Amino acid sequence: MKILVCISHVPDTTSKINFTEGDTKFDTNGVQFVINPNDEFGLTRAMWFKEKQGATVHVVNVGGPETEPTLRKALAIGADEAIRVNTAATDGYSVAKQLANVVKEGSYDLVIAGRESIDYNGGMVPGMLAKLTGANFVNTCINLDINGDKATAIREIDGGKETVSTSLPLVIGGQKGLVEESDLRIPNMRGIMQARSKPLNVKEPVDASAETQVKSFEKPAPKGAVKLVDNVDTLIDLLHNEAKVI
């Protein structure tokens, strides 16, 4: 089985976010970038398939040279090969087009993507990728088993879980639950050294114009002042008459 894991290069959640050029561009100065958490769950599941079923695992990112340390971390975790599509990730559709070209050229059986990245939260790339490649699609996936060319997946739905059966080729939008948090892997020294000799291939992009454009960013409004109360009667009065929530 040949697996492709899509890796987004995203700011660490502890980073302080700022914008430049009139709030139209994200300021990357001083920001630490990491593997998108939803993608990290997917990568760990792919490693399970590699170890248990002998799968080959490749990782791919759409972005400039600045994303290569993130791909190298994925290689250090255990991926066999990395691919970087040499173009900026401008919007979901253009990213899906670039990934679809990689999938078709590589003839992958299974594509694991995070259901969304934690920076733009678009949640559209996995579904678009499945459509562009003609593969089956399972979103919000929290468990996946493969037996030959058949797949059984569990996906999170409103108020519960749904078990579905499908076949390869398959694209999934994975998330927390695909593996346990305790199973996530931290690269060790041996993995880091091996990653240096693993191939990181740079592909030139196919023609794919962006369908959306960012006009501006706006930070959430700062939190208001906190009012402290020292008895229940005052609290109830404030909730009823001022906050009007009861």
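Numbers for the structure displayed
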read-out: Enumeration of residues in the range 1-37 that are in a loop (DSSP other than H, G, I, E, B), in contact with a helix residue (DSSP H, G or I) (Cβ under 9 Å, 6 or more places away or on another chain) and free of Cβ contacts under 8 Å to residues at least 40 places away in the same chain; value: Thr28
read-out: Matching entry among Lys150, Lys104, Lys161 (being of a type in the set (D, E, K, R), without any contact (Cβ under 8 Å) to a residue 40 or more places away in the chain, surrounded by fewer than 19 Cβ atoms within 10 Å (Cβ to Cβ) and within 19 Å of Pro205 (Cα to Cα)); value: Lys104
read-out: Count of the range 193-242 residues which are under 38 Å from the mean Cα position of the chain (by Cα) and assigned to a loop (DSSP other than H, G, I, E, B); value: 27
read-out: Test for Lys73: is it closer than 17 Å to Ala195 by Cβ and crowded, with 18+ Cβ neighbours inside 10 Å; value: yes
read-out: Flag if Ala46 is at pLDDT 95 or above, assigned to a loop (DSSP other than H, G, I, E, B), open to solvent by less than 10 Å² (accessible area, probe 1.4 Å) and closer than 17 Å to Asp109 by Cα; value: no
read-out: Test: residue in the range 190-213 that is surrounded by 10 or more Cβ atoms within 10 Å (Cβ to Cβ), in contact with a Cys (Cβ under 8 Å, 6 or more places away or on another chain) and at pLDDT 90 or above; value: no
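A quick yes/no check of all residues on (1) buried (at least 20 other Cβ atoms within 10 Å of the Cβ); (2) within 23 Å of Asn201 (Cα to Cα); (3) of a type outside the set (A, V, I, L, M); (4) touching a helix residue (DSSP H, G or I) at 6+ places or on another chain (Cβ under 7 Å):
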{"position": "Glu66", "(1), (2), (3), (4)": "no, yes, yes, no"}
{"position": "Gly92", "(1), (2), (3), (4)": "yes, yes, yes, yes"}
{"position": "Leu99", "(1), (2), (3), (4)": "yes, yes, no, yes"}
{"position": "Val111", "(1), (2), (3), (4)": "yes, yes, no, yes"}
{"position": "Gly134", "(1), (2), (3), (4)": "no, no, yes, no"}
{"position": "Asn143", "(1), (2), (3), (4)": "no, no, yes, no"}
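The values are calculated or read from the model by the stated rules, or taken from the named source; none is laboratory data. Keep in mind that what you see is a predicted model, and the values were worked out from it rather than measured. For neighbour counting, all protein chains shown are included, and Cβ atoms are generated from backbone atoms with ideal geometry for every residue, glycine included. Please note that ligands, DNA and RNA were not included when accessible areas were found on the heavy atoms of the full protein model with its side chains. Shrake-Rupley method; radii C 1.70, N 1.55, O 1.52, S 1.80 Å.
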